[in-house]
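Remarks on the structure that follows.
The values are calculated or read from the model by the stated rules, or taken from the named source; none is laboratory data. Being a predicted model, the structure only gives us computed values, none of them experimental. Don't worry about glycine lacking a Cβ; one is built from the backbone with ideal geometry, like all the others, and counts go over all protein chains shown. The accessibility values were calculated without ligands, DNA or RNA, using every heavy atom of the protein model including side chains. Shrake-Rupley method; radii C 1.70, N 1.55, O 1.52, S 1.80 Å.
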Amino acid sequence: MVRVMIVEDEIEIRELLTKMLKYEGYQVVSAEDGKEALGILEKEKDIDIILMDINMPQVDGITATKMIRVMGYPAVVVILTAYGDKEIMEEAANAGADDFITKPIDLLLLSARLQFLKKNLPFHKFRLSLTTQIFSQLSMQLDEIEKLIEENNQLTFELVETLYKIVEFRDYETHEHTLRVGWISGRLAEELGLQPSEVTMIQFAAPLHDIGKIGINDSILLKPNKLTHDEFEIVKKHTVIGYEILKTSSSSILNYAANIALYHHEKWDGTGYPNGLKGEEIPLPAAIVSVTDSLDAIVSKRPYKEPRSLNEAFDEIESLRGLWYNPHVVDTLLKMRDEVRCYYLKSCKIL
């Protein structure tokens, strides 16, 4: 015998439908709203057809229909609605409703509709069960996809961290250098008004600016004395090498780093390398890293030189404003002078 649940908050309608359906030979269960209906369905697994009102207290018909489909309950849901609104009907259909009966209810039409559903009930149950299985499998697949995305996001950051270490082991520069260049570049980008996503990208990409030096021979790279002209020409190739290493990555961070690696030795007056770009032709991220890398190089000890003071570094960069360095970037750095000094000396809090 077919079991029908009536979900209707108006007691007169609920009682009328109950009497009619029992008279026609259906087993009837009733609920006054969606919340009660969901509670019944959790306990009873053999309800075949649900007549669902839309406008009810606590849990409305559309929400209840969505929950029934989430539960995977293979009952046919017929919406009882006084609305002729196409959007409401579409929302109910998207929630998982199978059919509609408008209010005031035509009892003859309802009887005929139920007879049709009763005759085709095996088909509807098979369709709903199959749909539930498909969505369950799809949900599992989406969970796996999200897990994979999360794992690969983590992998990207692990890869970036590994590349930082490669730069450090291959060159005379230290982990502190990569961190400083990244942090100062990010703060400069922020003060220059770049979008938050670009600020983050620069902070992660900037430390990879010299990764191309892994392609330079140790005898040149670690030479304690001044390089010859030919040796310096070889060192200059690290910009292109770094670009070639990073450019084909699917990671947006590494793509960003590729352009920084290529252009961070270009100079505002066009005398830089590898392409002799001039002025605004130099991408801003590379112009930022050019300044921060120079600042840190001045104050750091190298095999060929002793460290100099922050004041000397600021003065030298200011003297090369508009010659080697983007004037706007230099002006912004100088405005941040106290903050940068705090960062290096670790003697005051960076907010």
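The number of residues in the stretch 231-243 that are more than 13 Å from residue 208 (Cβ to Cβ), assigned to a helix (DSSP H, G or I) and either out of contact with any Lys or Arg (no Cβ under 8 Å at 6 or more places or on another chain) or β-branched (Val, Ile, Thr) (or both) comes to 5. Residue under question is residue 348, and the condition is that it be farther than 19 Å from residue 194 by Cα, in a loop (DSSP other than H, G, I, E, B) and modelled with pLDDT under 90; does it hold? Here the answer is yes, as residue 348 does meet what is asked.
Go over the candidates 235, 181, 240, 199 one by one and state the one that is of a type outside the set (D, E, K, R), open to solvent by 10 Å² or more (accessible area, probe 1.4 Å) and either under 19 Å from residue 297 (Cβ atoms) or touching a residue at least 40 places away in the same chain (Cβ under 8 Å) (or both). Steps first, please.
On the way: 181 fails: open to solvent by 10 Å² or more (accessible area, probe 1.4 Å); 240 fails: either under 19 Å from residue 297 (Cβ atoms) or touching a residue at least 40 places away in the same chain (Cβ under 8 Å) (or both); 199 fails: either under 19 Å from residue 297 (Cβ atoms) or touching a residue at least 40 places away in the same chain (Cβ under 8 Å) (or both).
It is 235.
Cβ separations smaller than 6 Å between residues 6+ apart or across chains give the following pairs from the stretch 279-302 residues that are without any contact (Cβ under 8 Å) to a residue 24 or more places away in the chain to residues that are surrounded by fewer than 18 Cβ atoms within 10 Å (Cβ to Cβ): 298/308; 301/307. Within the stretch 208-221, the set of residues being at pLDDT below 90 and either under 41 Å from the mean Cα position of the chain (by Cα) or surrounded by 15 or more Cβ atoms within 10 Å (Cβ to Cβ) (or both) comprises 208, 210, 211, 212, 213, 214, 215, 216, 217, 218, 220, 221.
Within the stretch 264-279, is even one residue open to solvent by 20 Å² or more (accessible area, probe 1.4 Å), out of contact with any strand residue (DSSP E or B) (no Cβ under 6 Å at 6 or more places or on another chain) and either part of a helix (DSSP H, G or I) or at pLDDT below 85 (or both)? No, the stretch 264-279 has no match at all. Taking residue 225 as the residue in question, decide whether it is assigned to a loop (DSSP other than H, G, I, E, B), modelled with pLDDT under 85 and open to solvent by 70 Å² or more (accessible area, probe 1.4 Å). Spelling it out, residue 225 is indeed assigned to a loop (DSSP other than H, G, I, E, B), modelled with pLDDT under 85 and open to solvent by 70 Å² or more (accessible area, probe 1.4 Å). Name the residues in the stretch 257-286 that are farther than 14 Å from residue 237 by Cα and in contact with an Asp or Glu (Cβ under 6 Å, 6 or more places away or on another chain), would you? Across the stretch 257-286, the qualifying residues are 277, 282. Considering the stretch 157-196, the residues that are modelled with pLDDT of 65 or more and not in a helix (DSSP H, G or I) include one that is nearest to residue 291 (Cα to Cα), namely 192.
If only residues of the stretch 244-270 that are farther than 20 Å from residue 213 by Cβ and free of Cβ contacts under 8 Å to residues at least 24 places away in the same chain are counted, the one that is nearest to the chain's Cα centre (by Cα) is 250.
Here the stretch 312-343 is the region considered, the condition is being over 25 Å from residue 272 (Cα atoms) and either of a type in the set (Gly, Ala, Ser) or open to solvent by 40 Å² or more (accessible area, probe 1.4 Å) (or both), and the residue that is modelled with the lowest pLDDT is 343. Which of the residues belonging to the stretch 287-302 are open to solvent by 20 Å² or more (accessible area, probe 1.4 Å) and either aliphatic (A, V, I, L, M) or more than 21 Å from residue 239 (Cα to Cα) (or both)? 297, 299, 301, listed by residue number.
When the residues of the stretch 100-111 are filtered to those that are open to solvent by 60 Å² or more (accessible area, probe 1.4 Å) and part of a helix (DSSP H, G or I), the one that is farthest from residue 53 (Cα to Cα) is 108.
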